[in-house]
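Asks: Sharing a structure below in structure tokens format, with a few things to ask.
The values are calculated or read from the model by the stated rules, or taken from the named source; none is laboratory data. Just so it is clear, the structure is predicted and the values come from calculations on it, not from any experiment. So basically every Cβ, Gly included, is an ideal-geometry build from the backbone, and we count neighbours across all protein chains shown. The accessibility values were calculated without ligands, DNA or RNA, using every heavy atom of the protein model including side chains. Shrake-Rupley method; radii C 1.70, N 1.55, O 1.52, S 1.80 Å.
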Amino acid sequence: VFLIERLPDRFAQHKWDLLYSTCRDGISLQTLYRRVASTCPTILVVKDMQNHVFGVFAPDPWKVNHKFYGTGETFVFKLEPSAEANSYHWNQKEHSEAKRNNFFMFSTDDCIGVGGGGHFALWLDEDLLYGNSTKSNTFANECLSSSEVFQVLQIEVWGLSEGSGRI
């Protein structure tokens with residue numbers, strides 16, 4: 001409910017399907033890309049070894065791209081522990097039009113990163129085993145995970161049900 005309330009209105013009432021899970025599909029960034037190819041929007045959820053749950057709402061499809069992409073609808077969030085639940089949307093206040101930070105999504109064969117301006121809000125390695133989370137200028141977020149460097153327990157990617165989110 002917390003997350004659904006923060007989605008853009010046009011997606012809040014849709015059914016979401018599990019597209020990728022490390023438990024079901026294995027631990028592979030390439031498999032993640034194949035399972036979610038051309039799907040938008042998606043919600044990538046990470047659970048670390050300390051049971052902190054956090055992630056990103058991605059309005060654009062995940063793809064191998066060596067430049068930042070995405071839109072201002074991208075946001076990061078923290079769900080567990082529930083007392084710390086929060087969402088962090090595009091931080092436009094500190095940036096003039098000329099210097100606006102639009103470092104939303106970054107994904108290569110080696111990693112996934114979200115947010116930028118010195119540090120990623122969320123970064124995952126190519127093996128989906130380790131990551132880090134620090135304050136990014138894009139979202140002005142706090143650390144999303146249990147610590148800046150964390151070990152991944154599980155990753156899931158959810159997308160709109162077939163027929164409503166494919167491009």
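Asks: How large is the convex hull of the C-alpha atoms of the range 10-71 per residue, in Å³?
Replies: Working: hull volume 7.4 nm³, N = 62.
It comes to 119 Å³ per residue, whole-number rounded.
Asks: Would you please report the Å³ per residue occupied by the convex hull of the alpha carbon atoms in the range 54-141? Walk me through the numbers on the way to the answer.
Replies: On the way: hull volume 8.3 nm³, N = 88.
Value for the range 54-141: 94 Å³ per residue.
Asks: Give me a comma-separated list of calculated 3J(HN,Hα) values for the range 112-122, in order, Karplus coefficients 6.51, -1.76, 1.60 applied at θ = phi - 60°, integers in Hz, x for any Gly or Pro.
Replies: 10, x, 9, x, x, x, x, 9, 7, 5, 8
Asks: Work out which trypsin sites (Lys or Arg not before Pro) in the chain are exposed loop sites (DSSP not H, G, I, E or B, at most 12 other Cβ within 10 Å) and give the longest gap free of them. Write out the running numbers ahead of the final one.
Replies: Working: sites that count: Lys15, Lys93, Lys99.
Between the exposed loop sites, the longest stretch runs 16-92.
Asks: In terms of Cα to Cα distance under 13 Å, which aspartates and glutamates are near enough to Lys135, apart from those fewer than 8 places away along the same chain?
Replies: Glu148
Asks: Right, here's the next one. Over the chain, with every protein chain in place, what whole percent of the accessible area is carbon and sulfur at 1.4 Å, could you tell me?
Replies: Values: 4040 of 8200 Å².
Carbon-and-sulfur percentage of accessible area, whole number: 49.
Asks: Also, I was wondering about something else. How compact is the chain by the rule of thumb for globular proteins, expressed as Cα Rg over 2.2 N^0.38 Å?
Replies: 0.95
Asks: Among all lysine pairs in the range 1-130 that are eight or more places apart or on different chains, how many have alpha carbons less than 28 angstrom apart?
Replies: Number of lysine pairs found: 13.
Asks: Given the DSSP H assignment, sum -39500 (n - 2.57) over each helix run of at least 4 residues in the chain and divide by its residue total; what's the result at 222 nm in deg cm²/dmol, nearest 500?
Replies: Details: 3 runs with 16 residues, N = 167.
Roughly -2000 deg cm²/dmol at 222 nm, from the helical runs in the chain.
Asks: For the chain, what is the accessible area per residue in Å² when the probe is 1.4 Å? Write out the running numbers ahead of the final one.
Replies: Numbers: 8200 Å² over 167 residues.
On a per-residue basis, the chain sits at 49 Å².
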